[in-house]
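To keep things clear, I will list the structure first and then write my remarks on it.
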Amino acid sequence: MISILRQKPVFRFAPSPNGRLHLGHALSAFLNDDTAKAADGRLLLRIEDIDLARCTPEFEAGIYADLNWLGIEWEEPVRRQQEHFPEYQAALHSLIERGLVYPSFLTRTEVKKRVAAYERLGESWPRDPDGTPHYPPDDRDRREEERDAMLASGLKHAWRLDMNKALDLVGEPLFWTETGDERRGEILAEPDVWGDVVLSRSDAPSSYHLSVVIDDALQGITQVVRGLDLFHATSVHRLLQHLLNLPQPIYHHHRLVVDADGRKLSKSEGDTGLAELRAKGLSAADIRRLVGL
């Protein structure tokens, strides 16, 4: 009799070393670890350090120290995004060759001024789920000759997904499987609400959207457990998975840890970090209680 070996589910915890981990990260790490163990699965650790300006070795070392203190165990080796820029660039170039991505030259300041001037006339400019204005159509609509001349001149630019072209190519609705805290079942992806998203910037060879789908595919991730703040971004990820012929994992978007004012914890806002709580004498069991586990 031939036995069929069941593939173990593969989970990942993927923090960015651009600040200290806080209670929200602890909740996500615990849920990934707990769910992986309950499913007899594997847990991988990914360091999402594509932000070359803000990510530091000190913060990365802090991640390892915090996770060890929490009792989280992961498989080695750790995947560090800075070591995999060629994979992201290869995916980007495949989209460029298919005419699905275009160079964008407007700065954030220029976009902000354009939107402000438009809205002063009483018109409404489209915004993505995070509240960021959609990128204007200037660069998307440029003639190829003008675009090539601007690139040849060395102007700084980002590469953006032409959302309309991408959706026309797909030609059918996309869905993802969700097992999260607020919604479950087959979720309709709506990537168009994000406008022409950035896939690569002048100061970073990849964006979060592009690198995360490449990483998940190359690491064989089958289950993505992450915060609800990334729920809507999954629409973009499903579109990129389809365009790049990548497998799609099952998604579980969990509740967020918020402060007394209902605000999501943030590294940039200086919320109490795990290292500070450890220094005050709290234990990993205390942290589990604080995040409601």
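The values are calculated or read from the model by the stated rules, or taken from the named source; none is laboratory data. None of these values were measured; they are calculated from a predicted model. Backbone-built Cβ (ideal geometry, glycine too); neighbour counts: all protein chains shown.
Quickly run through the range 152-167 and pick out the residues that are of a type in the set (Gly, Ala, Ser) and either under 19 Å from Ser235 (Cβ atoms) or in a strand (DSSP E or B) (or both). Break it down into steps so the answer makes sense when it comes.
First, pick out the residues of the range 152-167 that are of a type in the set (Gly, Ala, Ser): 152-154, 158, 166.
Passing the criteria: Ala158, Ala166.
Residues that are free of Cβ contacts under 8 Å to residues at least 24 places away in the same chain, in a helix (DSSP H, G or I) and of a type outside the set (Asp, Glu) within the range 73-86 comprise just one, Pro86.
Those residues that are assigned to a loop (DSSP other than H, G, I, E, B) and either touching a residue at least 60 places away in the same chain (Cβ under 8 Å) or on the phi > 0 side of the Ramachandran plot (or both), I need them from the range 36-67; list them, please. I'd like the intermediate steps shown before the answer.
Pass one, the range 36-67, residues assigned to a loop (DSSP other than H, G, I, E, B): 39-41, 48-56.
Once the filter is applied, which keeps residues that are assigned to a loop (DSSP other than H, G, I, E, B) and either touching a residue at least 60 places away in the same chain (Cβ under 8 Å) or on the phi > 0 side of the Ramachandran plot (or both), the range 36-67 yields Ala39, Asp40, Gly41, Glu48, Ile50, Asp51, Leu52, Ala53.
Checked against the criterion of being buried (at least 19 other Cβ atoms within 10 Å of the Cβ) and under 18 Å from Leu277 (Cβ atoms), the range 34-47 contains not a single residue that satisfies it.
Identify, please: which residue in the range 61-91 is out of contact with any helix residue (DSSP H, G or I) (no Cβ under 8 Å at 6 or more places or on another chain) and closer than 15 Å to Ala26 by Cα and is, among those, surrounded by the fewest Cβ atoms within 10 Å (Cβ to Cβ)? Result: Asn68. Pairing residues of the range 237-248 that are over 13 Å from Leu199 (Cα atoms) with residues that are surrounded by fewer than 17 Cβ atoms within 10 Å (Cβ to Cβ) and of a type in the set (Val, Ile, Thr), at Cβ distances under 7 Å and at least 6 apart in sequence or on separate chains, gives His242/Val170.
Can you confirm whether the range 102-109 contains a residue that is part of a helix (DSSP H, G or I) and under 20 Å from Leu274 (Cα atoms)? Among the residues of the range 102-109, not one is part of a helix (DSSP H, G or I) and under 20 Å from Leu274 (Cα atoms), which makes the answer no.
Of all the criteria given as (1) modelled with pLDDT under 95; (2) of a type in the set (Gly, Ala, Ser); (3) under 26 Å from Tyr102 (Cβ atoms), the one not satisfied by Ala217 is (1).
Within the range 183-293, considering only helices (runs of 4 or more DSSP H) that don't extend past its boundaries, which have at least 1 residues that are exposed (fewer than 14 other Cβ atoms within 10 Å of the Cβ)? Even if it seems obvious, please write down each step before you answer.
Values: elements: 208-218, 234-243, 274-279, 284-290.
Per the criteria, 208-218, 274-279, 284-290.
Candidates are the residues of the range 87-101 that are in a helix (DSSP H, G or I) and of a type in the set (A, V, I, L, M, F, W, C); the one that is farthest from His134 (Cα to Cα) is Ala90. Going through (1) in contact (Cβ under 8 Å) with a residue 60 or more places away in the chain; (2) farther than 30 Å from Leu239 by Cα; (3) in a helix (DSSP H, G or I) one by one, Arg20 falls short only on (3).
Inside the range 109-125, residues that are surrounded by 10 or more Cβ atoms within 10 Å (Cβ to Cβ) and out of contact with any helix residue (DSSP H, G or I) (no Cβ under 8 Å at 6 or more places or on another chain) make up a count of 10. Leu70 meets all of the listed conditions (1) more than 30 Å from Leu244 (Cα to Cα); (2) of a type in the set (A, V, I, L, M); (3) without any contact (Cβ under 8 Å) to a residue 60 or more places away in the chain but one, namely (3). Considering only residues of the range 32-69 that are touching a Leu at 6+ places or on another chain (Cβ under 8 Å) and among the hydrophobic types (A, V, I, L, M, F, W, C), which is farthest from Asp286 (Cα to Cα)? That would be Leu45.
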